[in-house]
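Engineer: Let me give you the structure first, and then I'll get to my questions.
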Amino acid sequence: MVLPCAYLFVRCVHLVIYARPACDDRGLLRQIAVSWPSVVSGSALLITGAAIGGGWQTALYAAAIVVDWGGVYLTSRRGSWRIHSAAYFTERHQLFVIIAIGESLIAMAAGATDHPVTTALLAAGVLGVGAGAALWWLYFDVVSVLVEHRLDETRGQARLSLAVHAYGYAHFPIAAGIVLAALGVEGVVAYADSGKGLGGFYAGALCGGAATYLAGLLLFGRVSAGVWGPFRLTALCLLPAWLPAAVVLPPLAALAAVAVTETWWYAELRRSVRPDHGHVAG
């Protein structure tokens, strides 16, 4: 019950504080007003699900997501939200990704709790940090900068639509993929020195999380910049096929391989969108 109540509190505080500087903007105030029903309705479903528990909780939580997302989509299509600074707006979401990746490293440390320090455990830790670095690189190297430039170039309703689709929806599988992959990495570390296989649960979280993350990146680049990542698409197709092998041998190096390949493949694009960081390509 603490989670949905805290969620409702944060959402309400957000809208109330948002209304303070918008007091002279009638269009923005109207936009904030029409956002309240979806916030209250979605939170009511969360609270009801927490009170009932069991299978109904899962169903009501899923319904809350649909109500929240649907409300945002419907009220923002012709809405009056304001994005005055594309750089600031994108930075807030980039910081969220950094926090999520940082939490994945904490999850890896949690998997090592109460385990003696062994060569297998250290190797799993190195691979886990490498996977986190690959997650970071795949997002921040090119695609996030490219989308920021595109958002900065657009104005009016086009900017709002781009923000809603790229950061309101495409960002969700990116964050969800990090969380799922973190669960899988935690299992890798926990079972590193056990002499047993990873198991279907953690292998599914590992491969499924990586696949969800790559799918989010593909969607993020497509809806915002019209770009498909061929290596990411290939890796996305291969990850489910690797699931049986991941039960025995976790394919953590796959994300790193994709990151290294894209570093070479997109060297010219990187120089065009990050002229002050062109030396990174080398």
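The values are calculated or read from the model by the stated rules, or taken from the named source; none is laboratory data. What you see is a predicted model, and the numbers here were worked out from it, not measured in a lab. For neighbour counting, all protein chains shown are included, and Cβ atoms are generated from backbone atoms with ideal geometry for every residue, glycine included. Areas reflect the complete protein model, heavy atoms only, side chains present, ligands, DNA and RNA absent. Shrake-Rupley method; radii C 1.70, N 1.55, O 1.52, S 1.80 Å.
Engineer: Which of the helices (runs of 4 or more DSSP H) found entirely inside the stretch 174-282 contain at least 2 residues meeting this: at pLDDT 80 or above, open to solvent by 50 Å² or more (accessible area, probe 1.4 Å) and out of contact with any strand residue (DSSP E or B) (no Cβ under 9 Å at 6 or more places or on another chain)? Break it down stepwise before answering.
Structural biologist: On the way: elements: 200-225, 230-246, 253-265, 267-273.
Because the criterion is at least 2 residues that are at pLDDT 80 or above, open to solvent by 50 Å² or more (accessible area, probe 1.4 Å) and out of contact with any strand residue (DSSP E or B) (no Cβ under 9 Å at 6 or more places or on another chain), the helices (runs of 4 or more DSSP H) in the stretch 174-282 that meet it are 200-225.
Engineer: Now, a different point. Output the helices (runs of 4 or more DSSP H) that fall wholly within the stretch 1-107 and possess 2 or more residues being charged (D, E, K, R), or say none.
Structural biologist: Values: elements: 2-19, 26-52, 54-76.
In the stretch 1-107, the matching helices (runs of 4 or more DSSP H) lie at 26-52.
Here's the yes/no breakdown for (1) closer than 30 Å to Q157 by Cβ; (2) at pLDDT below 90; (3) surrounded by 11 or more Cβ atoms within 10 Å (Cβ to Cβ); (4) among the polar types (S, T, N, Q):
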residue	(1), (2), (3), (4)
C5	no, no, yes, no
R11	yes, no, yes, no
H14	yes, no, yes, no
I17	yes, no, no, no
P21	yes, yes, no, no
G27	yes, yes, yes, no
S38	yes, no, yes, yes
T48	no, no, yes, yes
A64	yes, no, yes, no
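Engineer: A further question follows. Output the qualifying pairs, or none if there are none: Cβ atoms under 8 angstrom, residues six or more apart or on different chains, first residue in the stretch 48-69 and under 22 Å from G168 (Cα atoms), second residue polar (S, T, N, Q) and open to solvent by less than 50 Å² (accessible area, probe 1.4 Å).
Structural biologist: Qualifying pairs under 8 Å: A64/S43; V67/S38; D68/S38.
Engineer: Something else now. In the stretch 117-153, what residues are without any contact (Cβ under 8 Å) to a residue 24 or more places away in the chain and either of a type outside the set (A, V, I, L, M, F, W, C) or buried (at least 21 other Cβ atoms within 10 Å of the Cβ) (or both)?
Structural biologist: T119, E153
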